[in-house]
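The values are calculated or read from the model by the stated rules, or taken from the named source; none is laboratory data. Everything quoted here is computed from the prediction, not taken from an experiment. Cβ placement follows ideal geometry from the backbone for every residue including glycine, while neighbour counts extend to all protein chains displayed.
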Amino acid sequence: MSVQRVALVEDDADMRAATAQLLALAGFTVDAFTAAQPALDAIDAAYAGVVVTDVRMPHMSGIELFHTLHARDATLPVILVTGHGDVAMAVDALKAGAWDFLTKPFDPAALVAAVTRAATARALALDNRRLRALAETDDDAGLIGADPAIRRLREMIPVLASADLDLFIEGESGTGKELLARLIHRAGKRARHRFLALACAALPDTLIDSELFAATGEASVAAANRGTLFLDDVDQASRALQARLVPLIEERAIRPSGGRPAIPLDLRVIATGGEPAARGAEAMLPALFYRLAAVRLWMPPLRERREDVAALFAHLAGLSAARLRRAVPAMSAGVRDHLAAHDWPGNVRELANYAGRFVLGLEDAAPADAAADPQAADTSLPDRVAAFERDAIVQAVLASPGDIGGAITRLGLPRKTFYYKVQRHGIDLTALRQRREPR
C-alpha cells in the first residue's frame, strides 16, 4: 500500500505532538490540526487518508466534525479518541458511520492498527470511485491502433498533459478528437477538476450571456476553473460566440453582463475543428484561430488507417457486449469483408455503432460460422474476445512482409506483450511464416 495520510485533530499540544510522532513512525504522513474548523477547510471528498480526532474540543467537538465530514463523504474513515465520559456519544457515532473509537489513555499499538485498517479501506474506496468514474465515460477505448499517426499521438499525451498549452485538434467528425482531449486532461494536473465540454455548433447566441458567460452555473465557463474547457467544433460556432471567446482565451477571465467585475479563471483550452480544407479559411475568426492554435494536432480518418479497423472493431464489440450483457457473436465472412472494404465516412463513431449492431445480431452473423462451431452460442465473452484477438494476430503476421517485427508494428503491441499473447493463444509463428505470401 502506498503512503497514506492521517488528519490528526487534537487541541492539546503535547498529545498532538506525541500522537503525530507515533503515526509518523508507523509510516503515515500526518496532517496535524489544532481545531476542527481548520481540518474541515483542508479535508475534501478526495482526501486520500483517515481522520483521527479528539472528541472534546472547543468551538466544534469531534462528534460534530465527524457528522460534517460524513455528510461530505460517507466513505471517509473517522476514528474518535474519547474520554471515559464520552463513550456513549462515541458509540452513537459508531452507529452513525464512524470507523472506530479509542478511549484515553489508548494503547499506541491499537491506534496504529485501527488507522492501518482504515487506511486500507480508504484506499480501496478511492480506487473503486476512480474505476466507476472511468466506467461512466464514453472514452474508455483509448487510442487503439498501430497507424504511425496514432502511435505518435499516444506518445505525445503525457508530454502535452504536462505542457498545459492550449491545443487545437483537427480532423473529420467521429475520428476521436474529444477522446484525445479527455486523455490529455486525465493525464495532467487538471485531472481532478472539471472537463467542461461545450458543443459550439449547437449553442444559440441567446444563451451566450445568460449561461455560458454567467458568473455561476453548471454550463458556465466558470465551472471549468482549474480544469479544461473543451470547445468542440469551434469552427462551426457563430460569429458572436467566436468573438466572445477571443477575450476569454486572451485574458483568462470572463466579464459578466451588467458591468460587473471580471472573474479570473485558471483554464486550459482544448478546441476541435474540421479538417482545414473542408472548413475553409472563413470558418474561424483569425484572432480566435491563432490564439487557440498554440499546438495543432491531426486525427487521421479511419479510411487512412485501415489496418487498425479489425483491432478497433474487436475492442468496440467487446465493450458493447459488456455494456449490453450479451455474448459477442461469431464473426461472419460478410462482416469481415465489410470491415475491410467499407470507407467508414463516420470514422470510429460509425465503427462503434456498427459493432453495437453486430453484438445485437442486427448485422450479418453468418450461419455458416455457427454451424461449423455448434458451441459458439455458449462461448463466454472472454473466449469470444480472445478469438478476435487471436485472429487479429494471425492476420497481422500473414500480412507482414519480412520478419515478425512488421506484425508487432501493425498491432501496436510491445514486443513482450506480442509474444505473451502468441504463447497464450497457441499460435504457431513458424507455420504462419510459411503460409505468408510475398507482397
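Please find, among Ile144, Ile208, Ile150, Ile169, the residue that is under 27 Å from Leu302 (Cβ atoms), in a helix (DSSP H, G or I) and not polar (S, T, N, Q).
Ile150
On the given criteria, is Asp232 acidic (Asp, Glu), surrounded by 14 or more Cβ atoms within 10 Å (Cβ to Cβ) and under 19 Å from Glu178 (Cα atoms)?
Working: acidic (Asp, Glu): yes; surrounded by 14 or more Cβ atoms within 10 Å (Cβ to Cβ): yes; under 19 Å from Glu178 (Cα atoms): yes.
Yes, satisfied.
Out of (1) exposed (fewer than 15 other Cβ atoms within 10 Å of the Cβ); (2) modelled with pLDDT of 80 or more; (3) in a loop (DSSP other than H, G, I, E, B), what's the single condition that is false for Arg303?
Here Arg303 clears every test but (3).
So which residues in segment 202-226 are within 25 Å of the chain's Cα centre (by Cα) and under 18 Å from Val269 (Cβ atoms), if there are any at all?
Those that are within 25 Å of the chain's Cα centre (by Cα) and under 18 Å from Val269 (Cβ atoms): Leu212, Ala219, Ser220, Val221, Ala222, Ala223, Ala224, Asn225, Arg226.
Would you confirm, using the coordinates I've provided, whether Val112 is in a helix (DSSP H, G or I), of a type in the set (Val, Ile, Thr) and buried (at least 16 other Cβ atoms within 10 Å of the Cβ)?
yes
Looking only at segment 400-422, decide whether some residue is modelled with pLDDT of 75 or more, buried (at least 17 other Cβ atoms within 10 Å of the Cβ) and of a type in the set (Lys, Arg).
Yes, segment 400-422 has at least one match.
May I ask you to verify whether Asp14 is within 35 Å of the chain's Cα centre (by Cα) and either more than 22 Å from Ala88 (Cβ to Cβ) or assigned to a helix (DSSP H, G or I) (or both)?
no
Quick test of your reading of the structure: Arg323 fulfils all but one of (1) in a helix (DSSP H, G or I); (2) within 26 Å of Gly361 (Cα to Cα); (3) charged (D, E, K, R); (4) touching a residue at least 12 places away in the same chain (Cβ under 8 Å). Name the failing condition by number.
(4)
Restricting to segment 49-85, and then to whatever is among the polar types (S, T, N, Q) and closer than 20 Å to Arg122 by Cβ, can you tell me which residue is surrounded by the most Cβ atoms within 10 Å (Cβ to Cβ)?
Step by step, filter segment 49-85, then rank; the result is Thr53.
From the residues in segment 1-43 that are among the β-branched types (Val, Ile, Thr) and surrounded by 18 or more Cβ atoms within 10 Å (Cβ to Cβ), which one is farthest from His70 (Cα to Cα)?
Thr19
Going by the conditions given, is Ala46 exposed (fewer than 13 other Cβ atoms within 10 Å of the Cβ) and in a loop (DSSP other than H, G, I, E, B)?
Criteria met by Ala46.
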